[in-house]
Amino acid sequence: MIRFHNVSKIYNKSGKALNKINLHVKPGEFVSIVGQSGTGKTTLVKTMIGEEQVDEGKIIIGGWDITDIGQREIPILRRQIGVIFQDFKLLNKKTLFENVAFAMQVCGGRPAKIKKIVPHVMKIVGLEKKISSYPQEISGGEQQRAAIARALVHRPKILLADEPTGNLDSINANEIIELLLRINKFGTTVILVTHNREVVNNLRRRVVTIDDGTIISDQAVGKYIL
Amino acid sequence: MFFSFARIIKFSLQDIFRNIWLSLVTVIILILALFTVNMLLMVKVIGDMAVEAVEEKIDVNLYLKPNAKEDEILALKAKINNLNEVKNVEYISNAQALKNFKEKHQDNPEILEALRELNINPLTPTLVIKPKNLDVFDNLVNRLNALDENIIESRNFTNYKALLEKINSITRKVTEAGIFLSAIFIMITILVIYNSVRVAIYTHRRQITIMKLVGASNWFIQMPYLISGLIYAFFGVAAIMLIFYPFLSLLQPYLEAFFVGYNVNLLDFFYGNMFTIFGMQFLAGSLINMFASLIAVGKYSRV
Ligand SMILES: Nc1ncnc2c1ncn2[C@@H]1O[C@H](COP(=O)(O)OP(=O)(O)OP(=O)(O)O)[C@@H](O)[C@H]1O
Ligand SMILES: [Mg+2]
């Protein structure tokens, strides 16, 4: 599903954000990526959605070589990859329904389809009762679930989560991880970038550890080793 | 496709109303630019009308001896009519001239009384010659001066050329100033539109980031700002139409007073050519606005 071949990324002369990364993620896998701050985890996520171009190596996603992806193809790539972040990135002036619908609207989705899909994904994340609320009116965990709902509207094959629990307490964090596991069970490949030792250790899934832009460990059932 | 288009228009309207003050300033500047352009057009039209009116009145009078015989006069008339430079020749007999004179002065009893006391017709038969156009005027005067028929008493060649040149030079100067002013306003418009779009993009940067993240295409992200340019142009032209026609109505009486005896009607001109004039301005305004938006979008919407 995802293949990195000797990928390096240099922002400036200060050093390599990614250094000869080799990574293969199979369809349906749930992979945690851990590592200290500034080691290149977010950079890794950005290269997968065409937000950053790599300087060396090759990235193949679902058989598609996106290493030198063009501006016009990036939207097509992004409709196949859902992404969520620490800061949710919801629009405060829109209700949850509107926030999720927005993702379909701006991609040319038909109103009838939007009316059908949005309640469906809201139900998957357990927010069907809050579709008329505004982001400020709900908890951080609920906001992150709304962001996940939005990431699911295009039925992505891959879900990238960059520190999705970074702003949440442990109860909310656990709920989000549960949700990601559930989505993974439906067949979506999940990449979880996290700092949270407890989360990683409880998952008992594959863990890739990055340090200074290099993969220093890759275990099928891993522990947080730093 | 249809939904996308409707949404793009919705987004751009939202963007215009969210920054309503900035939008108003943008449209006002656009109105100022359009106003100068229309003033320029107006000056040009007045100039053309004045020149045309004067050209219509240009003629050369050949005064003939009172005792000249009718057949000699007609022979001379035919001869002049054959000249290349001549559009037509009108023969006014002394009887006709007297009649015209009396009509012209019918409100002036003293002149009429003096005429009666004279007891003879003091007016001479006249040939009124219209040149084909202004360019051949000098040639025509030379030809007429060269005529040596002895029935010609005198020749009166008013120098219309100088008058027309004066009108033309005034029109030219005003046009130059107008072009300069219009250019400045168009430049200001471009800058203002550019800035509005820049601010709009800045206001929506969060939304743009999200749009990119969820896979919106570039044209979908950028189109609303181009459409905004179009909408500004639309409101600008609509406003200038609402402003300019009353303005012309106010101006018209002064123009008529100034150009007495000439047919100078701006209102007619601006009504008759409404679609051409304002259609072109809408087109040009849209192009300029889209151009400014395009630069701003190209520069600021990359996230
Ligand atoms: N746009 C950028 N321009 C220059 N340098 C950058 C840029 N983005 C990231 N970097 C640098 O690249 C390195 C890796 O950054 P990255 O954001 O990938 O780290 P991270 O592992 O996600 O850190 P964190 O856990 O704090 O989120 C850092 O040294 C960072 O300073
Ligand atoms: Mg990061």
Discussion item. From the list A:Gly70, A:Gly50, exactly one residue is free of Cβ contacts under 8 Å to residues at least 12 places away in the same chain, over 18 Å from A:Arg155 (Cα atoms) and more than 16 Å from ligand 2 (Cβ to nearest atom). Which is it?
Written reply: A:Gly70
Response to the item:
For segment A:1-43 the number of residues that are hydrophobic (A, V, I, L, M, F, W, C), within 10 Å of ligand 1 (Cβ to nearest atom) and within 15 Å of A:Val207 (Cα to Cα) is 2
Worksheet item: Looking only at segment B:1-38, which residues are more than 13 Å from chain A (Cβ to nearest Cβ) and not in a helix (DSSP H, G or I)?
Response: B:Asn19
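Table: residues versus (1) at pLDDT below 95; (2) closer than 24 Å to A:Val207 by Cα; (3) in contact with a Lys or Arg (Cβ under 6 Å, 6 or more places away or on another chain).
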site	(1), (2), (3)
A:Thr47	no, yes, no
A:Gln53	yes, no, no
A:Gly57	no, yes, no
A:Ile60	no, yes, yes
A:Gly63	yes, yes, no
A:Ile84	no, yes, no
Discussion item. Scan segment A:114-123 and tell me whether some residue there is assigned to a helix (DSSP H, G or I), away from ligand 2 (no atom under 16 Å from the Cβ) and within 12 Å of chain B (Cβ to nearest Cβ).
Written reply: yes
Worksheet item: What is the number of the single condition among (1) part of a helix (DSSP H, G or I); (2) assigned by TED's automatic domain parsing to the domain that holds B:Gln96 that B:Glu176 does not meet?
Response: (2)
Discussion item. Restricting to segment A:126-159, count the residues that are assigned to a helix (DSSP H, G or I) and not small (Gly, Ala, Ser).
Written reply: 10
Worksheet item: If you check A:Lys20 against the conditions, is it away from ligand 2 (no atom under 16 Å from the Cβ), of a type in the set (Lys, Arg) and farther than 21 Å from A:Gly222 by Cβ?
Response: no
Fill in: Residue identified as within 14 Å of another protein chain (Cβ to nearest Cβ) and within 16 Å of ligand 2 (Cβ to nearest atom) among A:Ala149, A:Ala161
A:Ala161
Worksheet item: Given the conditions (1) among the hydrophobic types (A, V, I, L, M, F, W, C); (2) more than 26 Å from A:Met104 (Cα to Cα); (3) more than 16 Å from ligand 2 (Cβ to nearest atom), and given that A:Met1 satisfies all but one, which numbered condition is not satisfied?
Response: (2)
Fill in: Matching residues in segment A:154-172 - criterion: being more than 16 Å from ligand 1 (Cβ to nearest atom) and free of Cβ contacts under 8 Å to residues at least 60 places away in the same chain
A:Arg155, A:Asp169, A:Ser170, A:Ile171, A:Asn172
Worksheet, complete the sentence: When segment A:49-97 is checked residue by residue, the ones that are assigned to a loop (DSSP other than H, G, I, E, B), within 20 Å of B:Ser217 (Cβ to Cβ), within 14 Å of chain B (Cβ to nearest Cβ) and of a type outside the set (S, T, N, Q) are A:Ile49, A:Gly50, A:Glu51, A:Glu52, A:Ile66, A:Ile69, A:Gly70, A:Arg72, A:Glu73, A:Arg79, A:Lys89, A:Leu91
Discussion item. When you check A:Leu192 against the structure, is it under 22 Å from A:Gly35 (Cα atoms), modelled with pLDDT of 95 or more, part of a strand (DSSP E or B) and within 16 Å of ligand 2 (Cβ to nearest atom), yes or no?
Written reply: yes
Worksheet item: Among the residues of segment B:188-236, which ones are of a type in the set (S, T, N, Q) and within 14 Å of chain A (Cβ to nearest Cβ)?
Response: B:Thr203, B:Gln207, B:Thr209, B:Ser217, B:Asn218, B:Gln222
Discussion item. Looking at segment B:279-297, can you tell me whether even one residue there is assigned to a helix (DSSP H, G or I), buried (at least 17 other Cβ atoms within 10 Å of the Cβ) and within 14 Å of chain A (Cβ to nearest Cβ)?
Written reply: yes
Discussion item. I'm trying to understand the selection: among the residues of segment A:174-210, which are among the charged types (D, E, K, R), crowded, with 16+ Cβ neighbours inside 10 Å and within 25 Å of A:Asn19 (Cβ to Cβ)?
Written reply: A:Arg205, A:Arg206
Discussion item. I'd like to know if segment A:32-45 contains one or more residues that are within 14 Å of ligand 2 (Cβ to nearest atom), within 14 Å of another protein chain (Cβ to nearest Cβ) and surrounded by fewer than 22 Cβ atoms within 10 Å (Cβ to Cβ).
Written reply: yes
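The values are calculated or read from the model by the stated rules, or taken from the named source; none is laboratory data. In this text, all values refer to a predicted model and were calculated from it rather than measured experimentally. In this analysis, Cβ positions are derived from the backbone assuming ideal geometry, glycine residues included, and neighbour counts consider all displayed protein chains.
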